[in-house]
Amino acid sequence: MSLEALLPSAIDGLMLGFVYGLAAMGLTLIFGVMKVINLSHGPVIALGMFAVFLLFSSFGINPYLGVLAAAVIGLLFGTLIYFVAVDRVINAPELTTLLATFSVNLMIIGVGTVLFTTSPRSVDIDLGALRGSGVTILGTHAVAVVIAVLAAAALYGFLFRTRVGKQVRAVANNRAAAELMGIDSRRMLALAFGIGTALAMTSGALLSTLFAFTILSGGTYELKSFVIVVLGGLGNPTGALVGGLVIGLLEGVLTVFFPVAWVPVFEYLIFLVMLQLRPAGLLGSRA
């Protein structure tokens, strides 16, 4: 591929980075509030993809209305996951919560494989493209960026501008002290898990408008999310968004010089280097 493709590839990668960052924000929010590594993150992203697909193919609902529906479903489903799988082991050793969310991972993949098989699906939507100076910006990519930015802004507005959001942050900072102040920490933890799941499903819904997918596709984006949260800083939503942009840009640039199959190698190399040199991430760990 020629160097002439560098700029368009970089722009495309940056735009995709916003969606990656949104997915990682869901993962890092859950960790930042309750110190739980959510291994059901990938299958939940895949559920967001299928939510849009089913609503579009079965009922003719516009995919972007499907994105909103996926967010609502994710909030409810995440709350359910918390009470069924996480609540009783929230104070147990980290390995216990890890296994709890991993069991949810396996159940979603198992049921999803039975229902949907592993055949690729896609959402057929075309919003045209903006072309100029050798750069083509697909309408679906542009809309995905706008929705991802709005979702991130909504998260920050909720956490920093609302009473309930401040209660979630209080529980994240010091659960015992928050309870002494009359905050229902159990409800806040469930809400945080629900919001994290909603963000994951929203990112999956957006990805379904960009690429073909299967019920197993979420695994790839889960691994990217882990790289991103380590890069940006565990428990730091801002870091997740920045990390998503870095990984997206890296993907866009690397595909100009290397085969696509090499891209994950560089991403995981960054993962290892960050763990060794700056485990707190670029922006530091913060709830």
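The values are calculated or read from the model by the stated rules, or taken from the named source; none is laboratory data. The structure displayed is predicted, hence computed values, not measured ones. Glycine gets a Cβ as well: all are built from the backbone with ideal geometry, and neighbour counts include every protein chain shown. Areas reflect the complete protein model, heavy atoms only, side chains present, ligands, DNA and RNA absent. Shrake-Rupley method; radii C 1.70, N 1.55, O 1.52, S 1.80 Å.
With the condition kept exactly as written, say whether any residue in the stretch 150-164 is more than 15 Å from the chain's Cα centre (by Cα), small (G, A, S) and crowded, with 21+ Cβ neighbours inside 10 Å.
No, that holds for no residue.
Within the set of pairs 6+ apart or on separate chains, which have a first residue in the stretch 4-32 that is closer than 15 Å to N236 by Cα, a second that is of a type in the set (S, T, Y) and open to solvent by less than 30 Å² (accessible area, probe 1.4 Å), and C-beta atoms under 6 Å apart?
The qualifying pairs are L22/S203; A23/S203; A23/S225; A24/S225; L27/S225.
Consider the stretch 43-89. How many of its residues are closer than 19 Å to V149 by Cβ, among the hydrophobic types (A, V, I, L, M, F, W, C) and touching a Phe, Trp or Tyr at 6+ places or on another chain (Cβ under 6 Å)?
Residues flagged as closer than 19 Å to V149 by Cβ, among the hydrophobic types (A, V, I, L, M, F, W, C) and touching a Phe, Trp or Tyr at 6+ places or on another chain (Cβ under 6 Å) within the stretch 43-89 amount to 1.
Checking the structure you have, find out if any residue of the stretch 170-186 is in contact with a Ser or Thr (Cβ under 9 Å, 6 or more places away or on another chain), within 30 Å of P8 (Cβ to Cβ), in contact (Cβ under 8 Å) with a residue 40 or more places away in the chain and open to solvent by less than 40 Å² (accessible area, probe 1.4 Å).
Scanning the stretch 170-186 turns up no residue that is in contact with a Ser or Thr (Cβ under 9 Å, 6 or more places away or on another chain), within 30 Å of P8 (Cβ to Cβ), in contact (Cβ under 8 Å) with a residue 40 or more places away in the chain and open to solvent by less than 40 Å² (accessible area, probe 1.4 Å).
Pick out, from the stretch 177-287, the helices (runs of 4 or more DSSP H) lying fully within it that include 2 or more residues that are over 21 Å from F77 (Cβ atoms) and hydroxyl-bearing (S, T, Y).
On the way: elements: 185-208, 218-232, 237-257, 263-277.
Fully inside the stretch 177-287 and qualifying: 237-257.
Between a residue in the stretch 93-104 that is under 18 Å from G219 (Cβ atoms) and any residue that is open to solvent by 50 Å² or more (accessible area, probe 1.4 Å), which pairs come within a Cβ distance under 6 Å, given they are 6 or more apart or on different chains?
Correct list of pairs: L98/I37.
Would you mind finding the one in G110, G60 that is free of Cβ contacts under 8 Å to residues at least 60 places away in the same chain, surrounded by fewer than 14 Cβ atoms within 10 Å (Cβ to Cβ) and on the phi > 0 side of the Ramachandran plot? Show your work before the answer.
Values: G110 fails: on the phi > 0 side of the Ramachandran plot.
Selected residue: G60, the only one of G110, G60 that is free of Cβ contacts under 8 Å to residues at least 60 places away in the same chain, surrounded by fewer than 14 Cβ atoms within 10 Å (Cβ to Cβ) and on the phi > 0 side of the Ramachandran plot.
For the stretch 210-266, what are the residues that are among the aromatic types (F, W, Y) and either without any contact (Cβ under 8 Å) to a residue 24 or more places away in the chain or crowded, with 19+ Cβ neighbours inside 10 Å (or both)?
If the condition is that a residue be among the aromatic types (F, W, Y) and either without any contact (Cβ under 8 Å) to a residue 24 or more places away in the chain or crowded, with 19+ Cβ neighbours inside 10 Å (or both), then F213, Y221, F226, F258, W262, F266 are the ones that fit.
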